[in-house]
Amino acid sequence: MSDDQHNADGQDDENAKSKGGAASGDDGAVKDDQSGGDDGGDEGDKDDKPSIFTKPLFWIILIVVAAVLIVGGVLYWLHARQFESTDDAFVDSHIVRISPQSGGQLVQVANVDNRHVDAGTLLAVVQPTGPEAQLAETQAGVKQAQAQYAQAQAQVEASRQTAIQYADQARSPIASAVKAAQDLARYENLRQLDANAVAGQQLDQARANARQTAAEAASARRQVQTALANVAVSRRAATAAQALVDQRRAQVAQANVTLGNLRLRAPVSGQVVNRQVNLGSYVAPGTQLMAIVPDTMWVTANFKETQLTLMRTGQTVAIQVDAYPDVKFLGHIDSVQRGAGQAFALLPPQNATGNYVKVVQRVPVRITFDIKNGPDPRHYPIGPGMSVIPTVKVR
């Protein structure tokens with residue numbers, strides 16, 4: 001190949017490269033122009049977009065939401081101010097604790113754990129050997145005293161009959177004494193009128209007869225008085241015998257009480273809980289055997305003293321038991337304790353000494369369940385100590 005041809009080829013290559021560079025430069029310029037044009041358009045759009053605070057719709061929505069919140073808050077306050085509530089409240093009841101008055105071994109224990117019993121149900125029996133023997137002895141003593149009283153009554157009747165007999169027997173001597181006294185008086189009157197009308201021997205005999213009959217009459221009277229005294233003594237003996245009968249009957253009643261105390265019965269209707277003894281256990285007097293939760297229950301709510309301003313007896317109460325949140329029990333205020341709970345503590349606070357910090361006190365309020373208007377709590381396993389939330393309608 002010749003040198004001229006090589007030179008021609010070299011020039012052609014350089015021309016091609018220069019054209020390619022120019023073309024690529026033109027493309028870059030076009031791209032730069034396009035990108036520059038786009039950025040300028042975006043910045044122009046951003047500057048032209050209006051603020052949200054300048055839109056009327058925003059302020060309308062804001063005003064509506066604020067009005068709804070204010071109205072809702074006012075309505076909630078008007079509704080909430082009608083009620084007072086506390087979570088410091090519990091179910092309460094007078095728990096009856098069963099304990100014997102006499103010691104001994106249990107020979108019978110009813111299987112009534114956590115079961116409902118009626119008043120009078122036999123719960124336990126203490127071994128009654130000694131009291132039964134004492135009862136039999138006192139009953140025999142009553143029979144003996146009654147026999148003595150009957151004997152005393154018979155003695156009274158016998159003494160009375162004897163007194164009647166002596167009184168009948170005394171009529172004759174008394175009559176003879178009266179006649180002899182009358183004869184003596186007549187003879188003495190005749191002797192005063194005429195000394196020869198009555199012989200001296202006859203007058204002496206009349207005087208002797210009068211003295212003898214008077215003595216006999218006096219003896220008869222003493223016998224009657226003695227008989228009457230015997231009647232009085234017999235009546236007093238009968239009264240003493242009657243008193244002995246009453247005493248023996250009282251001993252029988254006491255023995256029956258002692259024997260009855262060995263048979264422990266439920267004093268009230270309720271559920272038997274906390275049984276602590278079994279058959280064969282030995283118990284001492286006063287030992288707690290079991291307890292009964294009565295059917296009558298109430299709620300003791302410890303409200304703050306600042307919540308009592310509008311509370312009155314009889315106001316309705318909605319009671320929510322934590323164990324049954326879906327059951328709405330109803331009740332009413334039965335009474336409000338006159339005094340805060342801390343005043344009845346074992347060691348009341350001495351606010352007159354040291355630094356004093358005022359603390360809102362709690363006052364117990366008794367709330368009774370309304371069985372007629374709401375659910376009956378006796379149909380649920382609700383007992384003392386369970387937490388409740390009472391809500392009192394005060395307005």
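Miscellaneous remarks
- Of residues in region 91-108 being farther than 24 Å from VAL388 by Cβ and not in a strand (DSSP E or B), the one least open to solvent (accessible area, probe 1.4 Å): PRO100
- Residues located in region 308-328, provided they are under 12 Å from PRO375 (Cβ atoms) and surrounded by fewer than 15 Cβ atoms within 10 Å (Cβ to Cβ): ASP326, LYS328
- Taken across region 193-201, residues that are modelled with pLDDT of 70 or more, assigned to a helix (DSSP H, G or I) and not hydrophobic (A, V, I, L, M, F, W, C) do not occur at all.
- Scanning region 246-277 for residues that are in contact with a strand residue (DSSP E or B) (Cβ under 9 Å, 6 or more places away or on another chain) and in a helix (DSSP H, G or I) yields one hit, ASN261.
- Region 115-137 - residue that is modelled with pLDDT of 75 or more and touching a helix residue (DSSP H, G or I) at 6+ places or on another chain (Cβ under 9 Å) and, of those, nearest to LEU264 (Cα to Cα): VAL126
- One residue alone among LYS304, LYS358 is out of contact with any Gly (no Cβ under 6 Å at 6 or more places or on another chain), open to solvent by 30 Å² or more (accessible area, probe 1.4 Å) and under 16 Å from PRO390 (Cβ atoms), and that residue is LYS304.
- Between VAL299, VAL321, the distinction of being within 18 Å of PRO384 (Cβ to Cβ) and touching a helix residue (DSSP H, G or I) at 6+ places or on another chain (Cβ under 9 Å) belongs to VAL321 only.
- Top-ranked residue of region 72-90 - restricted to ones that are in contact with a strand residue (DSSP E or B) (Cβ under 8 Å, 6 or more places away or on another chain) and not hydroxyl-bearing (Ser, Thr, Tyr), ranked as least open to solvent (accessible area, probe 1.4 Å): ALA89
The values are calculated or read from the model by the stated rules, or taken from the named source; none is laboratory data. Model, not experiment: these values are computed from the prediction. FYI the Cβ positions are ideal-geometry reconstructions off the backbone, even for glycines, and counts take in every protein chain you see. Just the protein is used for accessible areas: all its heavy atoms, side chains included, with ligands, DNA and RNA removed. Shrake-Rupley method; radii C 1.70, N 1.55, O 1.52, S 1.80 Å.
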